[in-house]
Each structure stands twice: as structure tokens, then as C-alpha cells.
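Colleague: Before we start, here is the structure in question, set down as C-alpha cells.
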Amino acid sequence: MITENIKHIFENWAEAKTENILKLPLSGSPRSYFRLTANNKTAIVCCNDDIKENQTFIYFSKHFKELNINVPSIFDVSKDYSYYLQQDLGEKTLYDILTENNFVYNQKIIEIYQKTINQLLKIQIIGNQNLDYSKAFARPNFDRQAIIWDLNYFKYDFVKILDIPFDEQRLEDDFDNFIQLILTEKNCHFMFRDFQSRNIMIQNNEVFFIDYQGGRKGAIEYDLVSLLFDAKAVMPINIKNNLTEYYLQEIDKYAEIDKLRFTKLFPYFAILRVLQALGAYGYRGLIQKKMHFISSIRFAIKNIAEILENYNITDEFKNQFPELAKIFEHLFFNSEYKITDTHEDTKNFNINIKSFSYRNGYPADNSKHGGGFVFDCRNLFNPGRDSRYKELTGLDNAVHNLLETDNDVQIFITDIFLLIKKVIRKYKQKDYDYLAISFGCTGGKHRSVYCAEKLNKLLTNELKNINITVTHQNLTTKI
């Protein structure tokens, strides 16, 4: 039914029969996106059961487009607002460019960030003109209630999930004081709300914005700190400082602001944003088991330490918000995601990951330790039963992309990753240096291969001083 609906709305616009439909990888939201093509035309269909969220995005998009702000055009909308057709801005995000450049902030990257800041100022200040905030999705203003939600997001979906000790009343007192400080800034501009590198598209050397449906009227500092303290963007502090100066220089073209107040409140807005992000990482990652949110936790904690140190507010913060400061200390030195290096991180560790077919029996482990983990992938969706994928393997992009969008597969591999990471830590403490991990499925070509490759990537990105060998017993490829 969904396929027919999205084909219908696309074909009315394209005036041609659909040639290809590609479901895009899952993001942090329940929205589903599809790329459709026909006669060299391409567009994106968004499917979302939250009608109010859709209506907000469509309204904001049309408003910003009329003001020549770089957002996607809305081509068509279903009668019930459950899906809509929008401009295809390609696949390249700012985060993708950072990844391609190994997070080296060269002049090209800096120029992209400067273009991003210029567009940000347009959407914050020009986009604010005659915008009807009554149509905002969550809340029309970034007021006390909105800040309470963010702080409680951090408390309930991160601090309590990790079982970090704290005094409830003292933390609530800190929250009240923190809110009072934040609200000394005026809410008089459009606040994008989730302004981070994955929501910034790069097309034809131009910067475009997506996912601003959570926008509302708010303080001007919030979006800039969201951009600069984007957890996995790992931006060096000197670049953050330079881009902040660039923002304050460029804002004079659009509006007059109190720059002294901006500078004083900037680090506190940065901390607030990181706390909100940690709440999201806890909920989307630790609860919903979405891997890229979990892998962002360590970077966010490092951001807090950097903010306190770089802006020289450590003592001031401890005096004003003592219970929150205690939670930070725990994260820095005692939690699973602590920012300090430990002795165990210096030890080399060897991992042998295999994929296999149960038809041929369990793989042999000829190491001196023997054993290890064997995970059964046969409970997962099997691409091999679809003629389009039958002759492919988990190494092929088509199979990889298909399984990347399957929620059951992502929860399965995330649970395994969290388990293996803990086991490796314990093994290092015992001076063990080896672990075998095997993934089995019926044919040993699709699910098991994908899971082996995915775990390899997750472990490589997260852990230091590990040597991983990946072997696919039913393929000829050895990595």
C-alpha cells in the first residue's frame, strides 16, 4: 500500500512511470524516506504517521523557500498529510565530507562551515520574519518548559539508564538555576533545534538544510553550539573558536545583538545542547539500540570537558551547579564511557570474526584458547529469498543497504557489539589477548556476512589497539 501511494505521488509529479525505488537507511526518527527515479527525474518521498510533524515541516519549508533560504522544495503532499514529495538534495551530508577527509579540518572544510554559518544566519534571522510559530511541531518557544524537557531527557534517558549516582533534589535545584541562567537570553530568532552535520546537505557546492521540523522561536546561541559541538564531528577547539568569531562577524549583516551577553552565555548553551544530545543518545542508542547514537556518547562527554576547560568555567560551574558537576566527574573518570585513557587501552587484542553456513557445521577455532561466541543470524530477514539478492552476498552494497534499513537486524548487531565490547574489556583485564566470534546463517552468504562485516566496522571505529581478521567461510574473500 505504501509503495503504491509513493509511486502515485511521484509519478504525478514526474509525469512518467517509476523506474526505481530505494528505501533510504534508517535515521534517528520513525520517518521513512524513499528515493524514486524516472526519466532522469528524482525526488524523495517521506512517509510519517505524525501528521502534525509533517504539516510543520511542509509549512516551514515553503516559508523558507519563499525567502530564498536553501531548503528542499516541496513538490506535492498527500491529502491526509501522511506523506509528501520533496526535492532530492543528493546523498552527501557535511558529516560524509568530514568522514571522507578523516576529520581533518582543511581550508575546504572551513569554507563549507563558513557557507553553513551564512545560511544559518539567514534561516535564524530572515527566516524568522512573519513565521507563524503557532504551527511549530513541539512547542512554539524555547521556554522554561522546553528546557525542562531537555534536562529531564538527560536525567531519565541517560543518567538513570547508566545508573549514575546523584541526589534527586539537588539535581533539580541545579536544573532550576541552570534554566534561570539560560532564560536571561532573549528568544527572538528562529531556532533550528537539531542543527548538526547530518542535517546539512551539500549539493553543487551549495549548503542545504533538512530536518528543521523541531524548530521554534529561541535564543540565537543554540544552533551555533549545536553545529560546533556536534559530537562525532570531533572539531578541534581552535576551529570552534575561529568559527564562533566568524559567526559574530557575519551577524552584523543581519541584526544587532548583545555580543558580551552572547559570549558569557555561549558555553552554557553548549552544555545544555550536549545534555540534550546525551539524552537522545541514551534513548535512541542505549534503549532503542541504534548504534551510531551509542558511539557518539564518548565524544559528547569529551565535549563537556572541553567546554568547561576552554571557556574557563570549571570552578564557576561547580559552585553554581554542584550536583550536575558531580555527574560530569563520574562520566569523566568512572563510567563505561569515561574520557580518560586506561591501562587496558594500551594492550593489543586479536579478534577473529567468521561467517559460516550451518549446513557445513560450526567453524573450527584452532587458536590456543579455542571457543568464543557463535551468533545465529537465521532469526533475521533473509535477502537470499528475494530473486534480486539471491546471487549477491553481504559484501554487495544492495544487500548491505537493505539490511541497514531493517530494525531487527540493527538491534541484533548492536546488542552483540555492546556485549563484545564489555567482554574485550574484561579479557584485557585478565591479560587475555584473543577472542573468536562467528556468525552463522543458512547459506553463509548474506546475513552472516553482513553481520561479520558490520561488527568489524563497529569495533574498529570504537576500540584502540585491536587486530581484526574477518573470514567468510562460504565466500572466497578474506579480509
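The values are calculated or read from the model by the stated rules, or taken from the named source; none is laboratory data. All figures in this text were calculated on a predicted structure; none of them were measured in a lab. Cβ sites come from the backbone with ideal geometry, for glycine too, and all protein chains shown count toward neighbours.
Colleague: Mind listing whichever residues of segment 85-100 are over 19 Å from PHE60 (Cβ atoms), touching a residue at least 40 places away in the same chain (Cβ under 8 Å) and either assigned to a loop (DSSP other than H, G, I, E, B) or hydroxyl-bearing (Ser, Thr, Tyr) (or both)?
Modeller: GLY90, LYS92, THR93, TYR95
Colleague: List the residue pairs whose Cβ atoms are under 6 Å apart, where the first residue sits in segment 409-428 and is assigned by TED's automatic domain parsing to the domain that holds VAL449, the second is buried (at least 18 other Cβ atoms within 10 Å of the Cβ) and assigned to a helix (DSSP H, G or I), and the two are 6 or more positions apart or on different chains.
Modeller: Sorted first by the residue in segment 409-428, then by its partner, the pairs are VAL409/LEU403; ILE413/CYS451; ILE413/LYS454; THR414/MET291; PHE417/LEU458.
Colleague: Going through ALA270, ALA277 one at a time, which residue ends up being in contact with a Leu (Cβ under 9 Å, 6 or more places away or on another chain) and not in a loop (DSSP other than H, G, I, E, B)?
Modeller: Exactly one residue qualifies, and that residue is ALA270.
Colleague: If you check ASN177 against the conditions, is it modelled with pLDDT of 95 or more, assigned by TED's automatic domain parsing to the domain that holds ALA233 and at positive phi?
Modeller: no
Colleague: Output the strands (runs of 3 or more DSSP E) that fall wholly within segment 1-84 and possess 2 or more residues being touching a helix residue (DSSP H, G or I) at 6+ places or on another chain (Cβ under 6 Å), or say none.
Modeller: In segment 1-84, 32-38, 41-47, 74-77 are the strands (runs of 3 or more DSSP E) which contain 2 or more residues that are touching a helix residue (DSSP H, G or I) at 6+ places or on another chain (Cβ under 6 Å).
Colleague: Determine whether segment 299-318 contains at least one residue that is within 13 Å of LEU272 (Cα to Cα) and part of a loop (DSSP other than H, G, I, E, B).
Modeller: Checked against the condition, which is being within 13 Å of LEU272 (Cα to Cα) and part of a loop (DSSP other than H, G, I, E, B), segment 299-318 yields no hits at all.
Colleague: Which one of these is closer than 30 Å to LEU278 by Cβ and touching a residue at least 12 places away in the same chain (Cβ under 8 Å): LYS23, LYS62?
Modeller: After applying the criteria, what remains is LYS23.
Colleague: Here is a list: ARG273, ARG284. Which entry is under 21 Å from the mean Cα position of the chain (by Cα), under 30 Å from SER73 (Cβ atoms) and surrounded by fewer than 23 Cβ atoms within 10 Å (Cβ to Cβ)?
Modeller: ARG284
Colleague: Output the residue which, of all residues in segment 418-476 that are polar (S, T, N, Q) and part of a strand (DSSP E or B), is surrounded by the fewest Cβ atoms within 10 Å (Cβ to Cβ).
Modeller: Residue satisfying both the conditions and the ranking: ASN467.
Colleague: Further question on the same structure: Find all pairs meeting these conditions: Cβ atoms under 7 angstrom apart; at least six residues apart or on different chains; first residue within segment 116-136 and more than 14 Å from SER61 (Cα to Cα) and in a helix (DSSP H, G or I); second residue charged (D, E, K, R) and modelled with pLDDT of 95 or more.
Modeller: ILE117/GLU250; ASN118/GLU250; LEU120/ASP223; LEU121/GLU250
Colleague: Continuing with the same structure: Which is touching a residue at least 24 places away in the same chain (Cβ under 8 Å), surrounded by 13 or more Cβ atoms within 10 Å (Cβ to Cβ) and over 28 Å from ILE69 (Cα atoms), of PHE154, PHE103, PHE142?
Modeller: Only one candidate qualifies: PHE154.
Colleague: Within the set of pairs 6 or more residues apart or between chains, which connect a residue that is assigned by TED's automatic domain parsing to the domain that holds ILE297 and modelled with pLDDT of 95 or more inside segment 319-345 to a residue that is assigned to a loop (DSSP other than H, G, I, E, B) and acidic (Asp, Glu) with Cβ atoms less than 7 Å apart?
Modeller: Filtered contacts from segment 319-345: GLU323/ASP167.
Colleague: For the condition at pLDDT 95 or above, of a type in the set (Phe, Trp, Tyr) and either in contact with a helix residue (DSSP H, G or I) (Cβ under 7 Å, 6 or more places away or on another chain) or buried (at least 18 other Cβ atoms within 10 Å of the Cβ) (or both), what is the one hit in TYR133, TYR113?
Modeller: TYR113
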